[in-house]
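Some notes on the structure that comes next.
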Amino acid sequence: MEDAWGAKYPKYYNKLVDAWNDTEGQVLFYGEELALTPFFRLSNGCTRDGKEVLGSDAYPYLKIVECPWDIEDKKQIQTVMTEDMDAEITQADTAGYVLSVRVGQENLSGEEFRSTYGLASGCFTLQRYNGQIRITTRGEGHGLGMSQYSADQMAKEGETYDAILQYFYEGTEIKEVAEILLDVE
């Protein structure tokens with residue numbers, strides 16, 4: 001972490017210690033189950049719907065929420081140029097993330113294409129330009145759950161961690177591990 005954070009290491013490390021101390025022994029539940037709490041760095045302006053991404057109704061708290069803060073980040077839009085190819089996006093979800101891409105005769109998931117081409121996000125467009133393909137991405141990461149950038153901006157605006165969790169995982173509840181263990185006995 002010191003290498004990545006450089007001179008800001010002490011400040012960021014202290015923030016991590018504070019977060020650890022503030023939340024020690026707490027877990028997030030939805031009903032009687034531990035909540036699945038995916039997160040990613042930066043959305044395209046909104047998060048993705050859990051039912052569309054995971055193909056299950058088991059995570060109703062993973063729904064599309066607006067992330068207007070994310071649009072302000074300098075890494076919001078990134079462009080990659082690659083050699084021309086016979087490719088087209090064949091399916092995208094409600095939030096604009098690519099679900100499938102046809103490359104020649106092969107069909108790839110959006111995440112497979114993202115990984116193959118080292119793209120920052122699964123939210124992308126393809127455009128032919130000067131004999132090449134321009135791939136433009138929006139956001140960074142898979143887009144499901146909590147945007148770390150938006151959560152950080154919300155905290156800077158004075159939102160508490162429990163309010164931030166409610167924003168991204170609506171209907172969940174923070175529980176103390178000690179209370180859960182007492183209920184089991």
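Residues of the stretch 67-79 include at least one that is over 17 Å from residue 151 (Cα atoms) and either among the β-branched types (Val, Ile, Thr) or without any contact (Cβ under 8 Å) to a residue 12 or more places away in the chain (or both). Would you be able to say whether some residue in the stretch 46-55 is within 26 Å of residue 138 (Cβ to Cβ) and either among the polar types (S, T, N, Q) or touching a helix residue (DSSP H, G or I) at 6+ places or on another chain (Cβ under 7 Å) (or both)? Among the residues of the stretch 46-55, at least one is within 26 Å of residue 138 (Cβ to Cβ) and either among the polar types (S, T, N, Q) or touching a helix residue (DSSP H, G or I) at 6+ places or on another chain (Cβ under 7 Å) (or both), which makes the answer yes. Pairs linking a residue in the stretch 15-40 that is more than 14 Å from residue 173 (Cβ to Cβ) and not assigned by TED's automatic domain parsing to the domain that holds residue 63 to a residue that is assigned to a helix (DSSP H, G or I) and not basic (Lys, Arg), with Cβ atoms under 6 Å and 6 or more positions apart or on different chains, do not occur. Within the stretch 122-148, the residues that satisfy the criterion of being under 18 Å from residue 45 (Cβ atoms) and in contact with a Lys or Arg (Cβ under 6 Å, 6 or more places away or on another chain) are 122, 123, 140, 141, 143, 144, 148. Against the criterion of being free of Cβ contacts under 8 Å to residues at least 24 places away in the same chain and of a type in the set (Ser, Thr, Tyr), residue 160 qualifies.
Just one of (1) surrounded by 12 or more Cβ atoms within 10 Å (Cβ to Cβ); (2) out of contact with any Asp or Glu (no Cβ under 6 Å at 6 or more places or on another chain) fails for residue 18. It is (1). The helices (runs of 4 or more DSSP H) falling completely within the stretch 72-185 that include 2 or more residues that are in the same structural domain as residue 24 (by TED's automatic domain parsing) and crowded, with 16+ Cβ neighbours inside 10 Å map to 148-156, 161-168.
If I filter the stretch 31-62 down to residues being charged (D, E, K, R) and within 20 Å of residue 153 (Cβ to Cβ), which single residue comes out as surrounded by the fewest Cβ atoms within 10 Å (Cβ to Cβ)? Filtering first and then ranking leaves 41.
The values are calculated or read from the model by the stated rules, or taken from the named source; none is laboratory data. Worth saying up front: this structure is predicted, and the values here are computed from it rather than measured. Cβ coordinates were reconstructed from backbone atoms using ideal geometry, including for glycine residues, and neighbour counts include every protein chain displayed.
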